[in-house]
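Taking it in order: structure first as structure tokens, then the write-up.
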Amino acid sequence: MAALSTLRAPPTLRTPSTVSRRAMATARASPTTTAALSQDELKKQAAHQAVDYVKSGMRVGLGTGSTAAFAVARIGELMKR
């Protein structure tokens, strides 16, 4: 795993962590959205947006948190289709 931590994504590529932060920041910026959505729902949305960047044949590195669990579930849904 140490070798993977040294890899960097090209500046134009949105990494899942970037997508997650952007999705959560956008949701926090809107008071009505924040009040209506729980933190888990925001994490789920961030994970789904990150999965949109995954293409067939890609290797995807994930952490062990709840957002990663949402991403794995979404990838499973898409593969099922």
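Among the residues of the stretch 54-81, just one is surrounded by 15 or more Cβ atoms within 10 Å (Cβ to Cβ) and assigned to a loop (DSSP other than H, G, I, E, B), namely V54. Determine, yes or no, whether K44 is modelled with pLDDT of 95 or more and basic (K, R). It is true that K44 is modelled with pLDDT of 95 or more and basic (K, R). Screening the stretch 51-68 for residues that are small (G, A, S) and more than 10 Å from the chain's Cα centre (by Cα) and picking the one that is nearest to E41 (Cα to Cα) gives S66.
The values are calculated or read from the model by the stated rules, or taken from the named source; none is laboratory data. Keep in mind the model is a prediction, meaning the values are calculated, not measured. Cβ: placed from backbone, ideal geometry, glycine included. Neighbour counts: every protein chain shown.
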